[in-house]
Structures are given as structure tokens and as C-alpha cells.
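Everything on this sheet refers to the single structure shown next.
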Amino acid sequence: MDGSDGGGAEATVRAFYAAIDAGEYDRLRGLLAPEFVHHRPDRTLDGRERFVRFMREERPRTDTEHVLDSVCVGHGETFARGRLRAEGDGDLFGFVDVHRIDGDRIASLSTYTD
């Protein structure tokens, strides 16, 4: 997957959510640059290993799926708008994620929720 073109960046971002939802943490690790950082309203997760550990061991719920409404590729950034859904509870919240793609990996992610 080459994030330098629109199709590659979109595929990388879609693979990111699919890996999280499926609990495929080695696959997730491979999609992230070593210096990956995730900025979100409640915290910043610094480094690929820290982010993968959070997703695998620390997030409040693992029975969720990311439902993407749209993915738009810009110059160096890919925007994903969607909803986090939990079985039995429906939509938990909406989000817009801004992924900065470097080569074929995600270098950073900023999450905005409603």
C-alpha cells in the first residue's frame, strides 16, 4: 500500500480501522510509522508501540466497530468520517480522523469527536 497516491492512502486508512476492529494488532503495527502519534480529545498516545498496546489492552471497549461514512484523500492527509458502533448499544459517538500518511504508513492521527 503506497500512501503517496489517493488509492493507496485510502486503502491504508481503511486497513487501519479493519485491523483495530478485527483485533489484528500485528497488522495494525505494520500500518503505523515507528514515530506514530495519536492526538485525541482526552489524551495523546506517543509512539507506535504505545498506541498498539492501548488498542490491545487498555481501551474501554473492544466490542466496537468503526463504521466509515466517507474517506477523503487530500495532500498528505486522509480524512475519515464515521461512527464508533457497539453491538447492542448502537452508535457510541461520531468522529472525524485526520491521518497524516508518510510513504505507505500512517505517521500521525488526530481524532475529533462529537
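The values are calculated or read from the model by the stated rules, or taken from the named source; none is laboratory data. Small disclaimer: the values here were computed from a predicted structure and weren't measured. Cβ sites come from the backbone with ideal geometry, for glycine too, and all protein chains shown count toward neighbours. The protein model used for the area step is the full one, side chains on, heavy atoms only, and it has no ligands, DNA or RNA in it. Shrake-Rupley method; radii C 1.70, N 1.55, O 1.52, S 1.80 Å.
I want to confirm something. Restricting to region 57-72 and keeping residues that are touching a Phe, Trp or Tyr at 6+ places or on another chain (Cβ under 9 Å) and within 20 Å of residue 39 (Cβ to Cβ), which single residue is least open to solvent (accessible area, probe 1.4 Å)? Result: 71. Residue 96 meets all of the listed conditions (1) hydrophobic (A, V, I, L, M, F, W, C); (2) open to solvent by less than 30 Å² (accessible area, probe 1.4 Å); (3) free of Cβ contacts under 8 Å to residues at least 60 places away in the same chain; (4) in contact with a Gly (Cβ under 9 Å, 6 or more places away or on another chain) but one, namely (2). Looking only at residues of region 47-61 that are over 22 Å from residue 96 (Cβ atoms) and in contact (Cβ under 8 Å) with a residue 24 or more places away in the chain, we find that the one that is nearest to the chain's Cα centre (by Cα) is 52. Would you check if there is a residue in region 48-56 being more than 21 Å from residue 10 (Cα to Cα) and among the aromatic types (Phe, Trp, Tyr)? There is at least one residue in region 48-56 that is more than 21 Å from residue 10 (Cα to Cα) and among the aromatic types (Phe, Trp, Tyr).
Annotation: of all residues in region 73-93 being outside any strand (DSSP E or B) and of a type outside the set (Gly, Ala, Ser), the one that is most open to solvent (accessible area, probe 1.4 Å) is 75. Candidates are the residues of region 99-114 that are touching a residue at least 40 places away in the same chain (Cβ under 8 Å) and more than 10 Å from the chain's Cα centre (by Cα); the one that is most open to solvent (accessible area, probe 1.4 Å) is 112. For region 8-28, filtering for residues that are part of a helix (DSSP H, G or I), over 11 Å from the mean Cα position of the chain (by Cα) and without any contact (Cβ under 8 Å) to a residue 60 or more places away in the chain leaves 5.
Just checking, does region 36-50 include any residue being open to solvent by less than 80 Å² (accessible area, probe 1.4 Å), assigned to a helix (DSSP H, G or I) and at pLDDT 95 or above? For region 36-50, residues open to solvent by less than 80 Å² (accessible area, probe 1.4 Å), assigned to a helix (DSSP H, G or I) and at pLDDT 95 or above: present.
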